[in-house]
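Here the structure comes first, spelled out in structure tokens, and everything after it is commentary.
The values are calculated or read from the model by the stated rules, or taken from the named source; none is laboratory data. Treat the numbers as computed from the prediction; the structure is a model and nothing was measured. A quick note on method: Cβ atoms are made from the backbone with ideal geometry, for glycine too, and the neighbour counts reach across all protein chains shown.
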Amino acid sequence: MRFTLENWAEAFASLPVRPRPYRNAAVSLRGHGVDEQAERARVLVEVGLNVFRFPAALIPGCDLLTDSGTTTMTMPQWAALLLGDESYGSNEGYFELKRQVVETFGPAWENRDRNFESVFIFHQGRAAEHGLFSCLGRMLDARARVRGDGRPWFVIPSNGHFDTTQANVEANGFEARNLFSPEQRAKDASAPFRGNMDTGALHALLADPATRERVPLVYLTITNNTGGGQPVSLENIRQVSELCRAWEVPLLFDACRFAENAWFIREREPGREGRGIAETVREMFEFCDGFHISLKKDGLANIGGCLCVCEDGLLVKRFPGIREALTMHQVLVEGHPTYGGLAGRDLKAIAEGLRTAVRQEYLDWRIGQVGRFGAAVDEACGADVTVKPFGGHAVYIDLDRFFAGTGLGDGDFPGISLTALLLVAGHRLCELGVYAFGKEVNGREVGPEPRVNNVRAAIPRLCYEDEDLRACAGAIGLLYRERERVPGVEVTYGKDRPMRHFISRFRFRDGTIETRRRAENGAGRARTGA
Ligand code: F0G
């Protein structure tokens with residue numbers, strides 16, 4: 001058969017290894033001499049094995065501490081920075097960002113009301129969360145209202161509150177309640193939309209007037225950060241929205257990874273064939289009355305956040321004073337509402353980032369890379385140690401599986417050991433398990449409920465090549481093979497502090513697991529006189 005050009009094109013397209021849809025325009029040089037290995041080990045001890053305190057300059061490998069603010073910006077973004085307008089009031093970037101919000105999220109987000117903003121700019125996501133919940137808390141006098149058992153009267157349900165969201169909800173007198181999907185609770189490895197909300201639980205909460213009056217609004221986190229960015233289906237969004245609208249309860253999104261969520265909808269949800277990412281995003285955002293976003297994720301920016309309020313939506317209807325309260329809050333803590341704590345140039349870079357974030361070829365590569373890394377970790381370990389299905393921005397290593405049979409228990413905090421030893425290899429990951437989510441109560445450790453015990457590798461956007469990530473997977477594989485030799489740690493500072501993993505210091509327990517076991521056995525024999 002004669003091959004036409006189309007045949008050739010098809011044949012090339014079917015090759016398994018495809019080029020990245022971008023190329024490097026500037027690189028950040030990292031040293032990686034052998035001597036540095038010893039230097040890293042020395043500094044590791046100096047910083048008390050705390051990954052947050054370890055100098056980034058000493059990490060030649062993959063810095064997978066977070067996907068937040070770590071994006072490599074595109075050339076048009078760098079160009080936008082140079083065109084920044086640093087006027088104090090109503091700079092060019094402010095108008096450009098507002099135009100882009102409508103372009104990206106749809107006409108519902110147009111600011112027609114000249115008296116109040118619909119886009120409230122903040123320096124990052126949690127500042128927007130703080131703005132919303134502190135204003136709402138004051139309007140409802142939430143802190144003063146408690147139930148008989150002392151718990152807050154008001155409840156903010158979510159498919160999964162991120163930790164800063166939860167902290168802001170709780171700090172302002174509300175209960176943060178997670179209505180995890182049944183698939184999430186069952187740790188279903190094949191669930192296409194494990195990030196969904198349990199709509200049955202939401203129905204139960206809203207159908208009863210006695211509990212409904214305690215719900216000022218409902219939150220959906222898309223993607224759901226739990227498990228590495230598990231997506232929420234459009235069907236789930238629609239169902240949650242229907243319930244909320246039926247009882248006039250505002251629905252808000254935590255939209256940090258909205259584009260990645262749209263990619264999963266396009267990829268996995270029946271009936272979505274032929275619908276583009278941009279179109280899917282607009283459809284998703286028709287169902288909510290407001291959203292907050294850390295633009296350090298799918299804004300592809302290094303800093304920034306905002307809270308968007310739909311002028312005709314239920315949030316404004318139910319809390320008519322909310323926009324004025326937010327404006328006053330912004331003036332007090334962030335600056336004039338037309339820059340909200342950001343430089344004018346950042347606003348332009350964010351607007352440009354929002355345009356890139358919904359590009360199909362970018363998302364194909366980005367989310368594909370997360371999956372390829374996850375598979376590489378399992379392959380390097382020769383075992384199924386990662387949480388499945390892989391989400392959109394991170395791979396989670398299940399510590400209970402990784403350290404099964406080694407004799408290391410929760411009190412040894414082996415996740416901390418794992419991240420510490422990976423720093424010696426030149427890679428940075430983060431424990432999100434019994435240390436980060438556990439706490440000390442009256443001198444006793446209380447683990448997270450339901451149990452989560454992972455180490456997270458969050459992949460920065462447009463930053464690493466697959467080869468870099470394979471090197472990291474290799475180091476994880478080596479630790480898995482040698483897991484019997486991984487020592488536990490003891491906490492030298494911060495065990496009883498809130499958000500303790502950020503500030504704690506640790507040291508390795510002496511010796512390897514084998515010597516620890518021998519010592520324990522020896523002690524046991526001594527006690528029994530054997
Ligand atoms: N919501 C979600 C779902 C997040 O993942 C984050 C941040 C925030 C809100 C807060 O935004 O950092 O700009 O204040 N997540 C980062 C992470 C820190 O590593 O997952 P922020």
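A few points about this structure:
- Sole exception among (1) over 20 Å from CYS256 (Cβ atoms); (2) crowded, with 17+ Cβ neighbours inside 10 Å; (3) touching a Phe, Trp or Tyr at 6+ places or on another chain (Cβ under 8 Å) for PHE133, by number: (1)
- The residues of the range 242-281 that are more than 21 Å from ARG366 (Cα to Cα) and not in a loop (DSSP other than H, G, I, E, B), listed by number, are GLU242, LEU243, CYS244, ARG245, ALA246, LEU251, LEU252, PHE253.
- Counting the residues of the range 123-150 that are touching a His at 6+ places or on another chain (Cβ under 6 Å) and more than 16 Å from the ligand (Cβ to nearest atom) gives 1.
- When TYR339, TYR362 are screened for being part of a helix (DSSP H, G or I), buried (at least 21 other Cβ atoms within 10 Å of the Cβ) and of a type in the set (Ser, Thr, Tyr), only TYR362 passes.
- Flag if CYS244 is away from the ligand (no atom under 13 Å from the Cβ), in contact with a Phe, Trp or Tyr (Cβ under 8 Å, 6 or more places away or on another chain), within 22 Å of HIS161 (Cβ to Cβ) and in contact (Cβ under 8 Å) with a residue 60 or more places away in the chain: no
- Options GLN166, GLN184, GLN239: the member that is in contact (Cβ under 8 Å) with a residue 40 or more places away in the chain, outside the structural domain of GLY392 (by TED's automatic domain parsing), in a helix (DSSP H, G or I) and within 16 Å of the ligand (Cβ to nearest atom): GLN184
- First in the range 430-441 and at positive phi, second anywhere and assigned to a loop (DSSP other than H, G, I, E, B), Cβ under 7 Å, 6 or more apart: none
- A single member of SER68, SER90 is closer than 30 Å to ARG372 by Cβ, of a type outside the set (D, E, K, R), part of a loop (DSSP other than H, G, I, E, B) and touching a Ser or Thr at 6+ places or on another chain (Cβ under 7 Å), and it is SER68.
- Residues (assigned to a strand (DSSP E or B) and over 27 Å from GLY61 (Cα atoms)) located in the range 441-463: VAL441, ARG444, GLU445, VAL446
- Pairs with Cβ under 7 Å, 6+ apart, first in the range 114-141 and in contact (Cβ under 8 Å) with a residue 60 or more places away in the chain and acidic (Asp, Glu), second within 16 Å of the ligand (Cβ to nearest atom) and part of a helix (DSSP H, G or I): GLU129/THR164; GLU129/THR165; GLU129/ASN168
- Candidates PHE116, PHE174, filtered to the one that is in contact with a Phe, Trp or Tyr (Cβ under 9 Å, 6 or more places away or on another chain), among the aromatic types (Phe, Trp, Tyr) and buried (at least 16 other Cβ atoms within 10 Å of the Cβ): PHE174
- Counted residues, the range 476-507 - those being crowded, with 18+ Cβ neighbours inside 10 Å and not charged (D, E, K, R): 13
- Candidates ARG470, ARG461, ARG481, ARG456 - the one that is within 16 Å of the ligand (Cβ to nearest atom), assigned by TED's automatic domain parsing to the domain that holds ASP412, at pLDDT 95 or above and out of contact with any strand residue (DSSP E or B) (no Cβ under 7 Å at 6 or more places or on another chain): ARG461
- Number of the exception - THR199 against (1) away from the ligand (no atom under 16 Å from the Cβ); (2) of a type in the set (S, T, N, Q); (3) buried (at least 23 other Cβ atoms within 10 Å of the Cβ): (3)
- Once the range 282-304 is narrowed to residues that are among the aromatic types (Phe, Trp, Tyr) and either within 8 Å of the ligand (Cβ to nearest atom) or in a loop (DSSP other than H, G, I, E, B) (or both), the residue that is nearest to the chain's Cα centre (by Cα) is PHE285.
- Residues in the range 445-459 that are buried (at least 19 other Cβ atoms within 10 Å of the Cβ) and more than 16 Å from ALA375 (Cα to Cα): VAL452, ASN453, ASN454.
- Candidate set: the range 231-276, residues that are modelled with pLDDT of 95 or more and among the acidic types (Asp, Glu); chosen: the one surrounded by the most Cβ atoms within 10 Å (Cβ to Cβ): ASP254
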